[in-house]
Amino acid sequence: MRILIVEDELKMATLLRRGLTEEGHAVDLAPNGEEALWMAGAVDYHAVVLDLMLPGIDGVEVCRSLRERGVWAPVLMLTARDGVDDRVAGLDAGADDFLLKPFAFAELLARLRALVRRGTAERPSVLEVGDLRLDPATRRAWRGDSEIALSAKEFALLEAFMRRPGHVLSRLQLIEHAWDYAYENRSNVVDVYVRYLRDKIDRPFGRTSLETVRGVGYRLREDAA
């Protein structure tokens, strides 16, 4: 494997490179986020080992920028912090796994092997359909440059549509995505919330992207126009 290590602590970076090289891997080092972004854009790495705490651009922003630039190599993020918030931020930014410092080198190797086995399928952190954008991490949505204010249920429904553009989703599928199992599905609440969505993502912009498929359900057009 060819691996990029992004670590500003020289001793840690050197130890990681030595260990991974002895295991037969090709290893490149980046001491900061700016250099990491340049290197990851120039080389197809099998994996990236990324420290959370970096000078300048931190690990979360590096990971987010990698995904925005279409770099889908698995990212194993290293952190000396054991707070949940840091891990959540990293995962939402596109990281694949976390390893808490100090760690056993054997565990790092095992985690890298597991990540590489999963492959590098595209997993955009921000969903885009036409000029509609939705960020599940920050709970924000836009039509073009205009941000759209959505309630929690409206956001959940739009996310369901944007994860399967062009597919017809039944009312039951939409209920399963946005409501819990105790919900009484004989209600017309889905139709009500689809109307709310149209009033926010379509009508103010002169669009008809959210379509009714009579007798089946609803569909978000793939061009979202």
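The values are calculated or read from the model by the stated rules, or taken from the named source; none is laboratory data. Since this is a predicted model, take the numbers as computed values, not measurements. Ideal geometry is used to build each Cβ from the backbone, glycine not excepted, and the neighbour counts take in all protein chains shown.
Residue-level analysis places residue 16 outside the set of residues that are crowded, with 18+ Cβ neighbours inside 10 Å and assigned to a strand (DSSP E or B). Candidates in the range 198-223 are the residues that are of a type in the set (Lys, Arg) and within 28 Å of the chain's Cα centre (by Cα); of these, the one that is farthest from residue 156 (Cα to Cα) is 207. For beta carbons closer than 6 Å, sequence separation of 6+ or different chains, a first residue in the range 41-66 that is part of a loop (DSSP other than H, G, I, E, B) and a second that is small (Gly, Ala, Ser), the qualifying pairs are 45/73; 52/59; 54/33; 56/33; 57/33. With respect to (1) closer than 21 Å to residue 110 by Cα; (2) out of contact with any helix residue (DSSP H, G or I) (no Cβ under 7 Å at 6 or more places or on another chain); (3) among the β-branched types (Val, Ile, Thr), the lone exception for residue 84 is condition (1).
Pull up the range 67-94, narrow it to residues that are assigned to a helix (DSSP H, G or I) and of a type in the set (Asp, Glu), then point me to the one that is farthest from residue 28 (Cα to Cα). If you could, list the steps in order and put the result at the bottom.
Initial filter on the range 67-94 (assigned to a helix (DSSP H, G or I)): 67-68, 84-93.
Among the residues that remain, those that are also of a type in the set (Asp, Glu) are: 68, 85-86, 92.
Details: 68: 22, 85: 29, 86: 25, 92: 25 Å.
The selected residue is 85.
The residue that is surrounded by the fewest Cβ atoms within 10 Å (Cβ to Cβ), counting only those in the range 130-148 that are closer than 24 Å to residue 94 by Cα and either in the same structural domain as residue 61 (by TED's automatic domain parsing) or more than 18 Å from the chain's Cα centre (by Cα) (or both), is 145. Counting only residues that are surrounded by 19 or more Cβ atoms within 10 Å (Cβ to Cβ) and within 20 Å of the chain's Cα centre (by Cα), the range 163-175 holds 0 of them.
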